[in-house]
Amino acid sequence: MTADANTHLLLRSNLKQLRLPAMHAEFDKLAREAATANEGYEQYLLRLTELEVAARAGNAVQARIRAADFPVAKDFDTFDFTAVPGLNKPKMLELARGEWIEQRFNVCLIGSPGTGKTHVATALGLAACRQGKRVRFYTAAALVTRLEEAQKQYQLDRLLTQLDRTDLMICDELGYLSFSRVGAELLFQVFADRYERRSLLVTSNLAFSEWGQIFQGERMTAALLDRLTHRCHIFEMNSESFRFRESMKNKKSKKSD
Ligand code: ADP
Ligand code: MG
C-alpha cells in the first residue's frame, strides 16, 4: 500500500472513531478542491469543520421536531392568510420568530373547526424547534389520558418534570371533549405550573366564556383563564371552514368536468 493510501485509511478510521460523519464523508472531495484552488491548510480545515457543525445543527433540529411529535408537518409556507382575513399575518410571522417563548408568553387560537388552528399551532411549533427550543405537541384529550395514566402508575411527578422541560407545550383541541373531574384538575395543574415560567399554546373551538364546560366549575375555569390569558397573544380564527371550502371547490370542479 502506498503511504498516501495508508494515510487516507487511517484518517477515515480516525474520523469515524471521533464520530465526525460529515467530515468523514467529505474530506476527500474537499481536499481535492483545496488542492485545485491552492487553499491553505487552515482554510481547508475550516471548511471541513463547518460541514460537521452544519450537519449537527440540522440533526439537532430534526431530533427536536421528532420529539415534539407533531401530528402532521404543516408550515407557514402552505398557509393561506387570505383565507382567514381576521388573522393578523405580520403579527403571526413576528410570533414565528419565537421571542414570545423566551418571554414566557402564551398563545391562544380560538375558532370553529377547520379554520387552521392545528396548522398554525404546528407551524409555530416547527419555528420554535428550528430556533433550538424544546416543543411538545398534545391534543388535550391525549394529554389528559397521559396524565391520568401516569397518576395511576405513580409516575405523575416524572411526567410533570418531563413536561416542565419543554419550552413550549402545545395543547390542541381543547373543548371537543370534556374531562373527568380528576382529568380536569390534572390539566389545570399543568397549565398553572407553567404560568410565567414556560409557554403554552392552546387551541380551542370554544370561546373563553364556554370553558366552564371543559373544566367543570366556574372557580377552576376563572383561575385557569386568569393565568393563561395574563400574558397571552389571542387570535380568533373565525372564518369559514377551510376544509369545507376546499371540499366545495372540489365538488364544483367535479361537476363542471
Ligand atoms: P382546525 O385545527 O382549526 O380544525 P386545521 O388546521 O386542521 O383546522 O385545518 C384543516 C385543514 O385545512 C388542514 O389540512 C389545514 O392544513 C388546512 N387549512 C386550514 N386553513 C388553511 C389556510 N388558511 N391555508 C391553507 N390550509 C389551511
Ligand atoms: Mg385542529
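Every number here is computed from the coordinates shown, using simple stated rules; none is lab data. Everything numeric in this text was worked out from a predicted model, so none of it was measured. In this analysis, Cβ positions are derived from the backbone assuming ideal geometry, glycine residues included, and neighbour counts consider all displayed protein chains.
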Subject >> GNM result for the chain, Cα springs below 10 Å: residue of THR203, THR139, THR78 fluctuating most strongly >> reply: THR78
**OP:** Work out the FRET efficiency for ALA223 and THR49 from their Cβ-Cβ distance, taking R0 = 51 Å, and round it to the nearest 0.05.
**Re:** 0.45
**OP:** Compare GLU33, GLU210, GLU52 in a GNM of the chain, Cα atoms joined below 10 Å, and give the one with the largest fluctuation.
**Re:** GLU33
**OP:** Restricting to the chain, compute how many DSSP beta bridges are antiparallel as a %, nearest 5.
**Re:** 0
Original post:
How far is helix 140-152 tilted off the main Cα axis of the chain, in degrees rounded to 10, range 0 to 90?
Top reply: 90
Original post:
Once phi is turned into ³J(HN,Hα) by the Karplus curve 6.51 cos²θ - 1.76 cosθ + 1.60 with θ = phi - 60°, what whole-Hz value does each residue of the range 20-26 show in order, with x for glycine and proline?
Top reply: 10, x, 5, 5, 4, 6, 10
**OP:** Give, rounded to the nearest 20 debye, the magnitude of the charge dipole that the chain has about its Cα centre when Lys and Arg contribute +1 at Cβ and Asp and Glu contribute -1 at Cβ.
**Re:** 460
Subject >> Dipole axis of the chain (+1 Lys, Arg; -1 Asp, Glu on Cβ), positive-most option in THR7, ALA63, ASN205 >> reply: ASN205
Original post:
Here are some pairs, LYS29/LYS133; LYS89/LYS133; LYS74/LYS133; LYS91/LYS133; which of them have Cα atoms lying more than 26 Å apart in this structure?
Top reply: LYS29/LYS133
Original post:
Do the sum for the chain: with -39,500 (n - 2.57) for every DSSP H run of n ≥ 4, divided by all residues, what is the mean residue ellipticity at 222 nm, to the nearest 500 deg cm²/dmol?
Top reply: -18500 deg cm²/dmol
Original post:
Taking 0.36 nm per intervening residue step and subtracting the Cα-Cα distance, what contour gain separates ASN6 from ASP80 on full extension?
Top reply: 20.9 nm
Original post:
Expressed as an acute angle from 0 to 90° and rounded to the nearest 10, what is the orientation of the C-alpha long axis of helix 41-68 relative to the principal long axis of the chain?
Top reply: 20
